[in-house]
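Here, each number is a calculation from the coordinates, and none is a lab measurement. Since the model is a prediction, treat every value here as computed from it, not as a measurement. So basically every Cβ, Gly included, is an ideal-geometry build from the backbone, and we count neighbours across all protein chains shown.
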Amino acid sequence: MIDLLAVQTSMPDLITFLIAGCAVILGALGVILMKNPVHSALSMVMTLFAVAVLFIEQDAQFLAAVQVIVYAGAIVVLFLFVIMLLGVDKQENLAKDQLRGQRPLAFLAVLVIFVEILALSNGNWTSGAKATVLSTSSPGSNIVQLAQSIFTTYLLPFEATSVLLIIAVVGAVVLVRRSDLKPGRDPGEAIDLDSESGIK
Amino acid sequence: MGSDPLFSHGITLAVFLIVIVKVIVAFAVLLVSVLLMIWFERKLISDMQNRIGPNRAGPFGILQTLADGTKLFFKEDLIPDSADRTVFKLAPFLSVVPAFLVFSIVPIGGMVHIFGHTTELQVADPPMGILFMLVMSSISVYGVTLAGWSSGSKYPLLGSVRATAQMISYEAAMGLAIASVVLITGSLSTRDIVTSQVGTFLGFIPKWNLIRLGIVPFLVFLVAITAEMNRPPFDLAEAESELVGGFHTEYSSLRFALFYLAEFMNTVTMSAIIVTLFFGGASGPVLFGPSWIWPILWFLIKTGAFLFFYVWVRAALPRLRYDQLMTLGWKILIPVALAWFLIIAAMQVSSYLGFGVFILVLISGGLLSRASGVGDLSDPFRLGRSRSAGTKGVE
């Protein structure tokens, strides 16, 4: 049993943490339990949004904003976009696995990650108490501190990640275009998924 | 919560009440301004089209919106059989709530003193400031997307797919334009953005971001924000001639009213955001009388000018074709905003570097546009070039 009173948590922090934490878990359950893919995607938005609330509760406002803009605002919207375009928004047959032995392996993976998290947490429980690593004395300070650590200490991983992302984008474009490169046809047409002809 | 001096002495009951009052006042002001805006838009377009427009309810028909709202309130609320009921009911709120929330970060005046407390005339001044607007605009994408999908009908779905693509595309250009403003301000807070624009060059030119940043980020932002709001000439999501009513075809009664409300609320809020970012917000000279009232007046005048501009654009410009929309967004706005952002960043270091980067950008931009326009000399920006086989016959 976690003794919540033992940690230094103010009442508003605790309430925010409990509500947002419940929303995170409910959303995560919704992603795997909902039958309709669009509902699953929406549950994921709920989880991402609640994580953003947890960030704000920790005074990490910039992270919260980026969380919503990037994940909820761009990535899940793209998921929805694909679901709508491809018309897979119907109930899937969940009786048979797509890959053989998919479910036992998934359970195993979950178990491994869970044990790993328990080991890493090492008895430190989240309770909504404010983190004391970063000082939040002056406004905007967490943005400055983030920027300094990204562009000094972690410059190489940061740049490497951006290169990786560009490779992924280029790869996706190459994969999409290759199948439609026939002579006498405008090569630009193949990637033009946004145009109206793509929808029809 | 931010740098509002209201919270500097701890949170007491009086502080709590002031916050509540501010929220209620902002809510009421926004609702009333939407009522007036709808009337203003209809009346002004009528004038531009040589019609009379609404003139029955109240003086000059000013109560027309109220009458329409009451009518919508009592209409039958239809939900199509094939609709996804939960999402169908949720979608209007995902549109209208972000539209309300964005207004909370707009500074509508200077500092005021009430009951011994000093406070900013804005609901919230969070450190993430202007990012909050981007957050809300990315949430409001869901309102349109889900409305179209959950209706279970093809025209709304087409409208919402168009709208989603459009809003995601223009968000990038909008973000880059905002980044230029943030770069020169050195802060994300909307209050800091306004205070950094106080003052004049040479005694008479206002030190607005419009002038400090060159006019380019403002133009990019203006176009991007118009597309983001789905206002004409970017209202492809509800192109009546092609899609019946677009994403809200199946909506009726109060749910339709919510979409309508969100659209006009966005118009008012985004005009206010433009004024805040590029036109000095609530700053301006105090001419006579009480000094606290002048910032509010300047703010209202500047915002009103943009509301007029939006109505004018709606009356004057034809709707863009879909491929033109995408070309404008991806091939013109984003490169221009990015290049200008680089120039401003270099200018922050030194003016020599700034002009160096400017020349570099000009040369490389010219080369790039020439390279992409090879074999297509008639139209260097490829605006008129039809990209899909279906519309090739139109040209």
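What order do you get for A:Glu116, B:Glu238 when you list them from fewest to most C-beta neighbours inside 10 Å?
A:Glu116, B:Glu238
For the stretch A:142-163 and the stretch B:257-324, compute the distance between their C-alpha centroids and round to whole Å.
Here the two parts' Cα centres lie 37 Å apart.
Working from the alpha-carbon coordinates of the protein assembly as shown, get Rg over Rh, Rh being the Kirkwood radius.
In the protein assembly as shown, Rg relative to Rh is 0.96.
Counting other beta carbons within 10 Å of each residue's own, what order do B:Arg212, A:Arg100, A:Arg177 fall into, fewest first?
Taking fewest neighbouring Cβ atoms as first place, the list is A:Arg100, A:Arg177, B:Arg212.
Let me know the mean shielding of B:155-165 by other chains, meaning the per-residue number of their Cβ atoms within 10 Å of its Cβ.
3
Could you work out, residue by residue across A:56-64, how many beta carbons of other chains sit within 10 Å of that residue's beta carbon, and then give the average as an integer?
The shielding value for this peptide is 3.
In peptide B:141-152, what is the residue-averaged number of other protein chain Cβ atoms found within 10 Å of each Cβ?
3
For a label point 7 angstrom out from the Cα of B:Leu17 toward its Cβ, which stretches of the stretch B:101-131 have the backbone nitrogen within less than 14 Å?
B:114-117
So if I take the centroid of the Cα atoms in the stretch B:47-114 and the same for the stretch A:16-86, what is the distance between those two points in Å?
28 Å
In the stretch B:67-171, which GluC sites (Glu not before Pro) fall in coil by DSSP and have 14 or fewer other Cβ atoms within 10 Å?
Hits after loop and neighbour filter: B:Glu76.
Restrict the search to the stretch B:15-57; then list the trypsin sites (Lys or Arg not before Pro) that DSSP places in a loop and that have at most 14 other Cβ atoms within 10 Å of their Cβ.
For trypsin sites (Lys or Arg not before Pro) across the stretch B:15-57 that sit outside H, G, I, E and B with at most 14 neighbouring Cβ atoms in 10 Å, the list reads B:Arg51, B:Arg56.
Below 8 Å, C-alpha to C-alpha, sequence gap of six or more: please give me the relative contact order for chain B in percent.
Computed value for chain B: 19 percent relative contact order.
Please report the Cα spread of chain B along all three principal axes, rounded to whole Å, starting with the longest.
Each principal axis gives a Cα extent; for chain B these are 67, 63, 43 Å.
Do any of B:Lys207/B:Lys302; B:Lys43/B:Lys75; B:Lys89/B:Lys154; A:Lys35/B:Lys89 go past 22 Å between their Cα atoms, and which?
The pairs that break the limit, which is 22 Å between Cα atoms, are B:Lys43/B:Lys75.
How do B:Asp84, B:Asp125 line up, fewest other C-beta atoms within 10 Å first?
Least crowded to most crowded, the residues run B:Asp84, B:Asp125.
Could you tell me whether the stretch A:36-83 comes out rounded, prolate or oblate from its Cα gyration tensor? Rule is a ≥ b ≥ c as square roots of the eigenvalues, rounded for a/c under 1.5, then prolate if a/b exceeds b/c, otherwise oblate.
Oblate, because a/c is 1.5 or more while a/b does not exceed b/c.
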